[in-house]
Each structure stands twice: as C-alpha cells, then as structure tokens.
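Read through the structure below, which is laid out as structure tokens, and then see the notes.
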Amino acid sequence: MASAQNIVDELKKQEITHVVGVPDNGSARIYELLRSEPEIEVITVTREGEAFAIASGLYVGGKKSVIIIQNTGFLESGDAIRGTVINMRVPVVVFIGYRGYHNRDADGQWVDSVATFLEPTLKAWNLPYEMLETDADIPCIQRAFDTTVSTSLPAAVLLIGHAT
C-alpha cells in the first residue's frame, strides 16, 4: 500500500491550497494528515458532485485544489464533471479510491460491480488516469499534475487499497 504521508508530501510539493471531497476508508489517513497541514484547507462535501463545483470555483479564484473521492462518488458526479471541470477546462487532479479493485471471485471477476465501471467510464470521458498502489507509484501524481497543466483538463489518480 502507498504511504499516506508520501502522498501528502507530494501534494505539498505541488503547492495545493485546498482538498475537496468525501473521506472514505481508503483515503481516511490522507485526510487526517492533510487536516494537520496549516497551508492546506480541507473542505468536505456531502455529495461528490459538489466537489467538482467547489474545485472549479477555487480555480477561478486563483487557488489550486485536488479532489479526493471514491469511485462510487465519481460515477455519481457525471454531470458535475461534464458541466464544470470539463466545460470550464479546470486543470484539477482527482484522486479516486478504487473500491472493489482487490475483491474478485475465484474466476477473477469483480465482486463489487462498481469496480467494473470505473476505468471504462474514465476512458469514455477521455480522462487520463494512472494507478497508485505502492510508494513506487508516487511519481504518477506529478505526471497527473503535468497532464492537467498541458491540457487544461482534469486527470485522475486511482488509489488502490488503503493509504497507510
């Protein structure tokens, strides 16, 4: 599993001002560490679609935010993604917890149906993504930020497992 502290350290290198989202079991440690960072404001929302609107407003206001949500919430957020971060061309990195990724039956099929929809949805919406499972994958965070800068569009980092 990836170290939550290493993820937070990378976000600090990116000079993030805000984190917007809904904590879940996989991201709980990341949120806990971020709340102790005085230069980063954590904004929790009641529904994931709100995170995209708030991140877009922060961008318009000159701030640099990331969104941290779970795949179920990402799927719920379709119209907010289309109507804000894509239409407004907001270069935001979205960390998406890949719930169900390791839950497979004896035949290798996902037990949690949400896992079957995440990557096809990202591809259908032309949102680039990489997976972050271990500390060796931490460089994908920098690449996601580079992608958002070069495209003025969102990019995703898929969080595999629980950050420790």
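Assorted remarks:
- The residue of the stretch 55-77 that is farthest from residue 122 (Cα to Cα), among those that are among the charged types (D, E, K, R) and part of a loop (DSSP other than H, G, I, E, B), is 63.
- Positions within the stretch 87-109 being modelled with pLDDT under 95, of a type outside the set (S, T, N, Q) and either assigned to a loop (DSSP other than H, G, I, E, B) or buried (at least 16 other Cβ atoms within 10 Å of the Cβ) (or both), in sequence order: 99, 100, 101, 102, 105, 106, 107, 108
- Residue count for the stretch 24-54, restricted to those that are assigned to a loop (DSSP other than H, G, I, E, B) and either touching a Phe, Trp or Tyr at 6+ places or on another chain (Cβ under 6 Å) or surrounded by fewer than 21 Cβ atoms within 10 Å (Cβ to Cβ) (or both): 10.
- Residue 112 part of a loop (DSSP other than H, G, I, E, B), acidic (Asp, Glu), surrounded by fewer than 17 Cβ atoms within 10 Å (Cβ to Cβ) and at pLDDT below 95: yes
- Positions within the stretch 38-65 being of a type outside the set (D, E, K, R), under 19 Å from residue 141 (Cβ atoms) and in contact with a Leu (Cβ under 9 Å, 6 or more places away or on another chain), in sequence order: 40, 42, 65
- Only one of the listed residues (62, 57, 21) is buried (at least 21 other Cβ atoms within 10 Å of the Cβ), at pLDDT 95 or above and of a type outside the set (A, V, I, L, M, F, W, C). That residue is 21.
- Output for the stretch 115-156, where each listed residue is in a strand (DSSP E or B) and free of Cβ contacts under 8 Å to residues at least 60 places away in the same chain: 129, 130, 131
The values are calculated or read from the model by the stated rules, or taken from the named source; none is laboratory data. Not measured: the values here are computed from a predicted model. Cβ coordinates were reconstructed from backbone atoms using ideal geometry, including for glycine residues, and neighbour counts include every protein chain displayed.
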